[in-house]
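Enquirer: Sharing a structure, written as structure tokens. Questions coming.
Just so you know, all these numbers are worked out from the coordinates, no wet-lab data involved. The structure presented is a predicted model; accordingly, all values stated were derived computationally and were not measured.
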């Protein structure tokens, strides 16, 4: 529907766009938030630099990688090493709060609206900030869940207890063999519930959230909907970005707002319905709250 040649950037000033977005938030019947990795990055969940060195300098020295993302794909020789890394990774990116209150500020903006959140993030930041879990759809999984690596079943398993034990008992970047997680049904190794290939488990909770999201969209199909896209790039645009463009184009009462430093763009076909803000999300949310 949208050609690459038709993608444009806004020519309006930042202050003009902020005022337009404030008005859209005020008048919207419903707000659909689409959140990508840029939102958590803005909140301080960065995988490189000082934060990486703080938590993984020993791994960097031994294995040679220089960011958390690379560490997740490193070919560790043993599962004891693999889970030593991943238990630390999960602890700092799932069971630790981000250093900046970006998610809390977002909640302040929309808490009195009829809202729903669609996100590709897997760090649980929305629930930690107080968002209603019945209004969240984590499409790509959750660092807080295991699944069977086979998988032998469409079931996931909370991992907080075992991750905590791995953290407490790991030594020399290895966990005890007794803590290696295995499927309670077939005995095969457990793995992270993260969408990487066709073995990703969409459990009952996933399907319930998908149904609630679809129902929310149906109920507001012809209403004044604000599609608020935050930090969504082009790794998986078919999940949030393209559907938001399509739904905006099919509803002349809808508004599409994109906040993304360096990538705030829209199709020309919906330019008059679009608010593009090319600025850091943290600062933008603070300015919207003023």
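Enquirer: With angles folded into 0 to 90 degrees, how steeply does helix 14-27 sit against the dominant principal axis of the chain? Use alpha carbons for both and round to 10.
Expert: Relative to the chain, helix 14-27 is tipped by roughly 90 degrees.
Enquirer: Run the numbers on the chain and let me know its relative contact order in percent, using alpha-carbon pairs under 8 Å that are six or more apart.
Expert: RCO, the chain: 27 percent.
Enquirer: If you don't mind, there's one more thing I want to ask. Any chance you could check the Cα centroid distance between the stretch 102-126 and the stretch 203-260 for me, in angstrom?
Expert: 14
Enquirer: Antiparallel versus total DSSP beta bridges in the chain: what percent is that, nearest 5?
Expert: 35
Enquirer: Something else about it: Defining a contact as two alpha carbons under 8 Å apart and six or more residues distant in sequence, what relative contact order in percent does the stretch 221-260 show?
Expert: Computed over the stretch 221-260, the figure is 61 percent.
Enquirer: I need to check one value: relative contact order of the stretch 1-153, counting alpha carbon pairs closer than 8 Å and at least 6 residues apart, in percent.
Expert: Over the stretch 1-153, the number comes to 27 percent.
Enquirer: Moving on. If you take every DSSP beta bridge fully contained in the stretch 1-158, what fraction is antiparallel? Give it as a percent rounded to 5.
Expert: In the stretch 1-158, DSSP labels about 25 percent of beta bridges as antiparallel.
Enquirer: OK, next. I'd like the distance separating the alpha-carbon centroids of the stretch 35-74 and the stretch 265-290, in whole Å.
Expert: Computed from Cα coordinates, the inter-centre distance equals 28 Å.
Enquirer: While we're looking at this one, here's another question. If each DSSP helix of 4+ residues adds -39,500 (n - 2.57) and the sum is divided by the residues in the chain, what number results at 222 nm, nearest 500 deg cm²/dmol?
Expert: Dividing the helical sum by the residues of the chain leaves -11500 deg cm²/dmol.
Enquirer: Considering the Cα trace of the stretch 43-120, what is its radius of gyration and what is Dmax, both in angstroms?
Expert: Computed over the Cα atoms of the stretch 43-120, radius of gyration and Dmax are 16.1, 51 Å.
Enquirer: What Kirkwood hydrodynamic radius, in Å, does the stretch 197-290 give when the mean of 1/r is taken over all pairs of distinct Cα atoms and then inverted?
Expert: Its Kirkwood hydrodynamic radius stands at 14.8 Å.
Enquirer: If one takes the longest principal axis of the Cα atoms in the chain, at what angle in degrees, from 0 to 90 and to the nearest 10, does the Cα axis of helix 160-169 lie?
Expert: The angle comes out at about 50 degrees.
Enquirer: Ok, one more. Pairing the Cα long axis of helix 204-219 with the longest principal axis of the chain, what angle in degrees results, from 0 to 90 and rounded to the nearest 10?
Expert: 0
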